[in-house]
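Taking it in order: structure first as structure tokens, then the write-up.
The values are calculated or read from the model by the stated rules, or taken from the named source; none is laboratory data. Since this is a predicted model, take the numbers as computed values, not measurements. Glycine also receives a Cβ, built like all others from the backbone with ideal geometry; neighbour counts cover every protein chain displayed. Surface areas here come from the heavy atoms of the whole protein model, side chains and all, with no ligands, DNA or RNA. Shrake-Rupley method; radii C 1.70, N 1.55, O 1.52, S 1.80 Å.
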Amino acid sequence: KAGVTQTPRYLIKTRGQQVTLSCSPISGHRSVSWYQQTPGQGLQFLFEYFSETQRNKGNFPGRFSGRQFSNSRSEMNVSTLELGDSALYLCASSIGDTQYFGPGTRLTVL
Amino acid sequence: EDQVTQSPEALRLQEGESSSLNCSYTVSGLRGLFWYRQDPGKGPEFLFTLYSAGEEKEKERLKATLTKKESFLHITAPKPEDSATYLCAVNYGQNFVFGPGTRLSVLP
């Protein structure tokens, strides 16, 4: 069974730009969660989608948004990028309680 | 305040030197505790799920245990390839919260 895939794997953007990251969950998984990982803050929860609906949201500003499509694929968008948004963005899909992570997208904001 | 902590922050072992990593949590309504392994630049790799106090899970050189307030990840006779950051996460209510991780280095 194929794992969680994320595209692109690496991105370089400049301040003020916006970015869209994509996540394809494991086949049959309907829940997708997004996390931001930085050396200082560790893994922080962004939001969770289930059947195209946002089910839970972390404590991030409104510049961070997401959506889920009918095939369970998910995208997250960050608008007006700031230097502090540089991080590894991880997507996880789950069935039941266990989350399975993708390889992440490394975003660098210059 | 609900939180998840891990200790030690970093651990250096000689190959074959067994040890334990700790994950402590103060949350209400625990639904599950999870252990992950993360290699640099990669996503976390799922290891174990524990649901109730007294439960134990094993996989190769790793054994995870759970009490009402903490979990231990025991590493028996580690090898250099066990070097990674080990993360625990707690699922409670609608929340899934990760600890800061323990960076394990196993020297040959």
Would you calculate the separation in nanometres between label points at A:N71 and A:S27, each defined as 7 Å from the Cα along the Cα-to-beta-carbon direction? 1.3 nm
Kindly provide the GluC sites (Glu not before Pro) of the range A:15-97 that DSSP labels as loop, not H, G, I, E or B, and whose Cβ sees at most 16 other Cβ atoms within 10 Å. A:E52, A:E82
Neighbourhood charge, 9 Å Cβ-Cβ cut-off, centred on B:K79 and excluding it, Lys, Arg +1 and Asp, Glu -1: -2
Principal axes first, then extents: for the Cα atoms of the protein assembly as shown, list largest minus smallest coordinate on each axis, whole Å, largest first. 49, 39, 36
Given the Cα-Cα distance of A:D97 and A:T38 and 0.36 nm per residue of separation, how much length would full extension add, in nm? 18.8 nm
Taking a crude spin-label model, label points 7 Å out from Cα along the C-beta direction, the B:S105 to B:Y51 distance in nm is 4.0 nm
In Å, the Kirkwood hydrodynamic radius of the range B:66-108 over pairs of distinct alpha carbons? 12.2 Å
Specify the residue with the greatest mean-square fluctuation among A:T98, A:T80, A:T53, computed from a Gaussian network of chain A linking alpha-carbon atoms under 10 Å apart. A:T98
Between B:L21, B:L87, B:L13, find the one with the highest GNM mean-square fluctuation for chain B; connect C-alpha pairs within less than 10 Å. B:L13
Within straight-line cross-link reach of A:K57, lysines at Cα separation under 30 Å, skipping those fewer than 8 residues along the same chain: A:K1, A:K13, B:K42, B:K68, B:K69
Dividing the alpha-carbon radius of gyration of chain B by 2.2 N^0.38 Å (N being the number of residues), what value is obtained? 1.02
At R0 = 35 Å the Cβ-Cβ FRET efficiency linking B:K42 and B:Q14, nearest 0.05, sits at 0.90
Considering the zone a paramagnetic label at B:Q94 would reach in this model (a point 7 Å from Cα along the Cα-to-Cβ line), which residues of the range A:38-79 have amide N under 17 Å from it? A:45-62, A:65-68
Quote to one decimal, in nm, the extra length available between B:H74 and B:E58 on full extension: 0.36 nm per residue of separation minus the C-alpha distance between them. 4.8 nm
Using alpha carbon centers only, the range A:16-64 is separated from the range B:7-72 by a whole-angstrom value of 24 Å
Relative to 2.2 N^0.38 Å, what does the C-alpha radius of gyration of the range A:15-54 come to as a ratio? Two decimals please. 1.42
Report the gain in length on full extension from A:E82 to A:S51: 0.36 nm times residue separation, minus Cα-Cα distance, nm rounded to one decimal. 8.1 nm
Heavy-atom accessible surface buried between B and A, both sides counted, 1.4 angstrom probe, nearest 100 Å², is 1300 Å²
